[in-house]
Amino acid sequence: MLCMGWRYPSSSLFKPSSRLYFFSKTLSPFFHHTHSFHPLNNLLHSLKTPNKFFPLINKATHLSSSSLSTIMSHETSSKPSPTQSARLRRKTHRHSPENQLRHSLDMCSKRSDLLEALRLYDDARAKEIPLSQHHYNVLLYLCSSSNEMGSDLGLKRGFEIFQQMGNDQIPPNEATFTSVARLAAAMEDPELAFDLVKKMLGFSINPKLRSYGPALFGFCNKGEVERAYEVDAHMVAAGVLAEEPEIAALLRISSDFGNGVRVYDYLHRLRGAVRRVSESTAEIVEGWFSSDLAAEIGEEEWDVGKVREGVVKRGGGWHGKGWLGKGTWRVMRSEMDERGVCSSCGERLVCIDIDPLETDNFMSKLAGLACKKEVKADFTRFQEWLARHGPFEAVVDGANVGIFDQKHFSFSQLNFVVQGVRRLSPSKKLPLIVLHSRRVKGGPADNPKNKKLLESWQKSGVLYSTPVGSNDDWYWLYAAVSSRCLVVTNDEMRDHLFELLGTSFFPQWKEKHQVRMRLTRDSPIFQMPPPYSIVIQESETGSWHIPTVNCGDTETTRQWVCATRTPITLSTQSHVHADQTKAHHTQGLSKAAFSKMVQ
């Protein structure tokens, strides 16, 4: 059983003092060991001479002699057509030993069945079935995963399989290096894991976040703080963004070693990476603020004007000027009321402004993706229509609203919500209604009452019917972003379309612009965006509030880590809030909605 106390086996190959020897011998097909150590020299040379190297890779896709015999036995005197020949080649490839082995290994990967995968590997070696990069990567992945679960079988066979991959002159890729790095981490050798990441660049392979994990977590677990910082710096230089697990590990080791400057920096990186922290990360943060060292670090005097200038410059919610004040921190779990006032310290959180430039960049990316995905629908037509009829004060996701909480689409329910949004509007204008074309023609749309309703919306220029084959999500989202307004939908925006956006800005935009709803007999009830931002906030007085993952149904049940040194008086808080309100701006329906909610 592999555990944290596991040590290297007695074999000299695994002795810590012989790590470089092990590195060069185990990876000898990839690493040429001469008087000057040149990693991956042999394989790199092969990659530079594709005429000599790539026939070895293509060997895995060549037809075996038995396959050729099968083909020949089915040949007739007449020459097969190109279509028949292609079909026959595909069938032969599908039933080839190499492809059947691939399928079997993939099934082992799904089941996490290392024993069966190793049996298949040994059988393939005995039968001299050529293995491809994919075959080796699946085997290495299973070996590295088994070590994470506490088995040393994968460790024993993993390096052997990697060595054989080199003997077969199969080039490694990012997945290969990452799996071997995990094996190195299981061997409690984060240095080897880090070396492997650095060697990836020699193959023009860009490391991913998962590539750095074995080295980073390995150094953190061993308490090698400077080496952990070196891995972090390498990640930053490579353009790889750390996520909560990586930042939490760096936060913990910085706190353990009393590096207050690093703790401050990592807290702000955490603020930029996640909107809410997990329970385990919250405990790390609480541990730091409760420590004796945290009480000693900070400026007793600071320029209030510069701190406030930093808050305004950054849109509110943080200043980035370092620890303010000295003395013991008061650390508690608290909740925020509907206005964003902390139940523990009485401080009121702010609504952080969205950078207009970020919004423009987000809109451009959204439009680019929509035009690419909606080629047949011609998304540019919608952009032109929106330019003529917009901007709007609100957008309604018609399909989501019309079918909410029932089996069939209802025009009366959609109109019920649309009229509710209209009543909230400062100008009493109708919102933009986005509906797919299949909703506006045939079926319930032909009902005289519904038909009259659709005609009135079209006449008012507030209905856009998305074309056949289109995804209406692109349309209502783009309309809301371009109009800088709220969007009424209960869609959680978690599917593939929204994942394509791939930006940390989207959750921030969604938090400030999505209006959820529930229906009553008398009127729709709208759940407006909170008047404060649910993100780590650093106040002008030096206090910190860190939101955790919510397990309740409303924002008022969310737990926050509140860390403050001095109580905030009502007069001081009112003054701070007045300045923040002056800096913050809303527009259209957002302004009316927030005002109504606060009242």
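At a 1.4 Å probe radius, carbon and sulfur cover how many percent of the accessible area of the range 389-501? Walk me through the numbers on the way to the answer.
Values: 2620 of 5200 Å².
On the range 389-501, the fraction of accessible area on carbon and sulfur atoms equals 50 percent.
Amide H contacts of Leu324: Glu299, each under 5 Å away and 5 or more positions distant or on a separate chain (H built 1.01 Å from N in the peptide plane; Pro and chain starts excluded). Close amide-amide hydrogen proximity is noted between Thr466 and Leu435, His436, Ser437, each under 5 Å apart and 5 or more residues distant or on a separate chain (H modeled in the peptide plane; Pro and chain starts excluded). Please report the carbon-and-sulfur percent of the accessible area for the range 104-223; probe 1.4 Å, protein heavy atoms only, DNA, RNA and ligands left out. Here it works out to 47 percent.
Convex hull volume per residue, computed on the Cα atoms of the range 407-563, equals 167 Å³.
Computed packing ranks the peptides 179-190, 342-353, 533-544 as 179-190, 533-544, 342-353, most packed first, by mean other Cβ atoms within 10 Å. Between Leu153 and Phe505, take the C-beta separation as r, use R0 = 45 Å, and let me know the FRET efficiency to the nearest 0.05. That gives a FRET efficiency of 0.50.
Order the peptides 452-463, 209-220, 329-340 from the highest to the lowest mean number of other Cβ atoms within 10 Å of their residues.
In decreasing order of mean packing, 452-463, 209-220, 329-340 become 209-220, 329-340, 452-463.
The modelled label-to-label distance between Val549 and Lys373, using points 7 Å beyond Cα along the C-beta direction, is 2.5 nm. For the pair Thr380 and Ala126, label points projected 7 Å from Cα toward Cβ lie 6.3 nm apart. Near Val277, the amide H atoms lying under 5 Å from its own belong to Thr548, Val549; only residues 5 or more places off or on other chains count, and H is placed 1.01 Å from N. Per-residue Karplus couplings for the range 244-258, computed as 6.51 cos²θ - 1.76 cosθ + 1.60 with θ equal to phi - 60°, are listed in order as 4, x, 5, 5, 4, 5, 5, 5, 5, 5, 5, 5, 4, 9, x Hz, Gly and Pro entered as x. Quote the FRET efficiency, to the nearest 0.05, computed for Lys222 versus Met107 with a Förster distance R0 of 45 Å and r equal to the Cβ-Cβ distance. Working from the Cβ atoms, E equals 0.80.
First measure r as the distance between the Cβ atoms of Asp256 and His408, then evaluate 1/(1 + (r/R0)^6) with R0 = 56 Å and state the FRET efficiency to the nearest 0.05.
For Asp256 and His408, the calculated efficiency is 0.45.
Accessible area per residue for the range 252-344 is 52 Å², calculated with a 1.4 Å probe on protein heavy atoms, without ligands, DNA or RNA. The residues of the range 454-520 present an accessible area of 39 Å² per residue when probed at 1.4 Å with all protein chains retained.
The values are calculated or read from the model by the stated rules, or taken from the named source; none is laboratory data. What you are looking at is a predicted structure, and each value in this text was computed from that prediction instead of being measured. Because the Cβ atoms are built from the backbone with ideal geometry, glycine has one as well, and the counts that use them run over all protein chains shown. Quick note on the areas: whole protein, heavy atoms, side chains included, nothing else; ligands and nucleic acids left out. Shrake-Rupley method; radii C 1.70, N 1.55, O 1.52, S 1.80 Å.
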